[in-house]
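The values are calculated or read from the model by the stated rules, or taken from the named source; none is laboratory data. Everything numeric in this text was worked out from a predicted model, so none of it was measured. Please note: Cβ atoms are built from the backbone with ideal geometry, for glycine as well, and neighbour counts cover all protein chains shown. Quick note on the areas: whole protein, heavy atoms, side chains included, nothing else; ligands and nucleic acids left out. Shrake-Rupley method; radii C 1.70, N 1.55, O 1.52, S 1.80 Å.
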Amino acid sequence: MSKTLVIVIHPDIEHSMVNKRWIAALEEQPEKYTVHQLYKTYPDSRIDVGHEQQLVEAHQRIIFQFPLYWFSCPPLLKQWLDEVLTYGWAYGSKSGYKVGGKKIALAISAGIDDYEYAHGQKYKYTLEELTRPFEITFEYVHANYQPLFAYYGIERNPSEEWVEKSVPLYLAYLEKFGADE
């Protein structure tokens, strides 16, 4: 079984509760997961495009793990998408589509409770609706986009117990994500 590349995009991982704990759980299984933290790797926001493309090419499954950030992703992920998914490599030519066929999904920690991300509720849209730009981006480059994983409610439940509840849920999601090769 090949490893899953987990690209972590958290601008302040040292003060994270959920994402930091998820990283620790993943790092306990180095035979299954390659954890790649963008903000630690590129503190100056200068992305090494060639290195990132090699990482992607070396893995058949990729998870983008991040906290929901202004109803989207942290800015370094948007920059990563803009710079790494280049014409001729990710799309647009016969030799492109290097991401084609790779399983890709999002793993998101959301501070607000899940019921608030619904029609008629405070934030009006589901998390799936808010992340549609990711879905269409990955479909555009012929990746095999999968349903997202989300863990909600840390703002209302900022306890170690709440964080620990997320770990087996996330790991079970990742097992299922990698199971059907």
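Here is how the numbers come out for the structure above:
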{"item": "Most mobile of Asp114, Asp12, Asp44 in a GNM of the chain (Cα contacts under 10 Å)", "result": "Asp44"}
{"item": "Accessible surface of the chain, 1.4 Å probe, proportion on carbon and sulfur as whole %", "result": "53 percent"}
{"item": "Relative contact order computed over the range 99-181 (Cα-Cα under 8 Å; 6+ residues apart), in percent", "result": "39 percent"}
{"item": "Rg and Dmax of the chain, Cα atoms only, in Å", "result": "16.0, 50"}
{"item": "Degrees between helix 18-27 axis and first principal axis of the chain (Cα, 0 to 90, nearest 10)", "result": "50 degrees"}
{"item": "Surface accessible to a 1.4 Å probe, per residue, for the residues of the range 1-45, Å²", "result": "48 Å²"}
{"item": "Net length gained if the chain between Asp82 and Glu128 were fully extended (0.36 nm per residue, minus Cα distance)", "result": "14.4 nm"}
{"item": "Gain in span if fully extended, Trp162 to His15, counting 0.36 nm per residue against the direct Cα distance", "result": "51.3 nm"}
{"item": "Gaussian network model of the chain, Cα within-10 Å springs - most flexible of Gly100, Gly88, Gly120", "result": "Gly120"}
{"item": "Loop-resident sites, the range 140-181, for trypsin sites (Lys or Arg not before Pro), counting at most 15 other Cβ within 10 Å (DSSP)", "result": "Arg156"}
{"item": "Net length gained if the chain between Glu31 and Asn144 were fully extended (0.36 nm per residue, minus Cα distance)", "result": "38.4 nm"}
{"item": "Average Cα contact separation per residue, the range 52-148, under 8 Å, 6 or more apart, as relative contact order %", "result": "31 percent"}
